[in-house]
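Contents: one structure, followed by commentary.
Where a number appears in this text, it was derived from the coordinates with a stated rule and is not lab data. Just so you know, these numbers come straight off a predicted model, no measurement behind them. Neighbour counts run over all protein chains shown; Cβ positions are idealised from the backbone, glycine included.
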Amino acid sequence: MEIISEHDAIRMMEDVSKLPDGNFNIAFYKYSRSTGIVDKSLCTKKHCRSRLQLPHEKWDVDGDNYFLFTDGDGKPKQCYKILIRYISLSTDGYTLRKVERFK
């Protein structure tokens, strides 16, 4: 399994989203800011596309900490970039890549 940096993973997901039929799968840990707890199980979303911030989205922390995307149903989602663990891209047959923060 290929290991890539967080920065490369974000770039790759944004680039594939620019293609007409491009999408990606993403696996990350959910984090609740209200409780301060990271979920112990990975959350997986399929056939996603990166997106821009919506007008009603405002955060108490820097928005650069979030990765924004739509899931396969077109629903807007977000996750903390540092909690992304795996990605796969439609352009290479969804080959799984592990994401490491400090690669």
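Between Asp21 and Ser41, the contour length at 0.36 nm per residue exceeds the alpha carbon distance by 4.3 nm.
Pairs of Lys residues in region 2-100 are counted when their Cα atoms are under 21 angstrom apart and they lie 8 or more places apart or on different chains; the count is 29.
For Leu96, the shell of other residues with beta-carbons less than 11 Å away shows a net charge of +1, using +1 for Lys and Arg and -1 for Asp and Glu.
Taking Lys and Arg as +1 and Asp and Glu as -1, the other residues whose beta-carbon sits under 11 Å from that of Tyr29 total +2. Each helix, a run of at least 4 DSSP H residues, gives -39500 (n - 2.57); summed and divided by the residues of the chain, these come to -3500 deg cm²/dmol at 222 nm. With a cut-off of 20 Å on the backbone N, the residues of region 13-57 near the modelled label site 7 Å out from Asp92 along Cα-Cβ are 13-28, 45-50. Computed from label points 7 Å out along Cα-Cβ, the spacing between Ile82 and Asn65 is 0.8 nm.
Electrostatic bookkeeping for Lys40 treats Lys and Arg as +1 and Asp and Glu as -1; over the other residues with beta carbon under 14 Å from its beta carbon, the sum is +1. Relative protection proxy for 16-26, 80-90, 35-45, from highest mean packing down: 80-90, 16-26, 35-45 (other beta-carbon atoms within 10 angstrom). In terms of overall dimensions, the C-alpha atoms belonging to the chain reach 38, 29, 21 Å along their principal axes, ordered largest to smallest.
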